[in-house]
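*Asks:* One structure, as structure tokens, below. Some questions next.
The values are calculated or read from the model by the stated rules, or taken from the named source; none is laboratory data. The model shown is predicted, which means the values in this text are computed figures rather than measured ones. All Cβ positions, even for glycine, are placed from backbone atoms using ideal geometry, and neighbour counts span all protein chains on display.
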């Protein structure tokens, strides 16, 4: 007859894994109390949300309220809950990213700088749209520029003490602008859709006008670097 083995339970250690969960961050101060809210933008795009939908975005996207935000490309691919599945949804994400980050950066305080960045990025987008004879990518980029511009406002040096590169950028700017004009000339050589010398000349003039505007908008090292980063980070064709 087998004897039962008594076990002293006080000597057994609990090996159950302890799951540690981070407490949910309370961003309820960003809730709307209105029945609906209209989001307006610098490019005259608007989004309308009912209260429940808007507050749900606040609950599901804590990345919109980080003290040290990441760029919108990274945050979108890390968490696109409620926005994924379509290009239009991604556009909406970038607009909302900009909307919330603007509140943290300061809306009125950086209105001029924000508009300048939007104009710089929009001109670059327009230039490459012409090179590629249009396409849906550029239309979506036009809306997502709001997110890129707002992230750039976050990176903007807020006082002179934060500026390390104090040298004159005239030569560097000239080289960048010259590169864009050379690109126009090179693209013109393989432009098989614009027929006739007069039309090609008109197109070339239009493209150089975009570069003229860029040249005026790039007024210091910060705007030059942001223009180059946006250009080389989003427009690469072979």
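Results for (1) touching a residue at least 60 places away in the same chain (Cβ under 8 Å); (2) more than 15 Å from the chain's Cα centre (by Cα); (3) crowded, with 21+ Cβ neighbours inside 10 Å; (4) under 17 Å from residue 216 (Cβ atoms), shown as yes or no for each residue.
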position	(1), (2), (3), (4)
73	no, no, no, no
81	no, yes, no, no
93	no, no, yes, no
96	no, no, yes, no
103	yes, yes, no, no
110	no, yes, no, no
117	yes, no, yes, yes
121	yes, no, yes, yes
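*Asks:* Only one residue in 169, 153 is within 27 Å of residue 99 (Cβ to Cβ), touching a residue at least 12 places away in the same chain (Cβ under 8 Å) and touching a helix residue (DSSP H, G or I) at 6+ places or on another chain (Cβ under 6 Å). Which one? Step through it out loud before you land on a result.
*Replies:* Numbers: 169 fails: within 27 Å of residue 99 (Cβ to Cβ).
From the options 169, 153, the qualifying one is 153.
*Asks:* How about region 135-231: which helices (runs of 4 or more DSSP H) wholly inside it have at least 3 residues that are more than 30 Å from residue 92 (Cα to Cα) and at pLDDT 95 or above?
*Replies:* Details: elements: 136-155, 170-189, 197-217.
Where helices (runs of 4 or more DSSP H) fall fully within region 135-231 and carry at least 3 residues being more than 30 Å from residue 92 (Cα to Cα) and at pLDDT 95 or above, they are 170-189, 197-217.
*Asks:* Filtering region 1-58 down to residues that are over 21 Å from the mean Cα position of the chain (by Cα), in a loop (DSSP other than H, G, I, E, B) and within 15 Å of residue 103 (Cβ to Cβ), which residue is modelled with the lowest pLDDT?
*Replies:* 27
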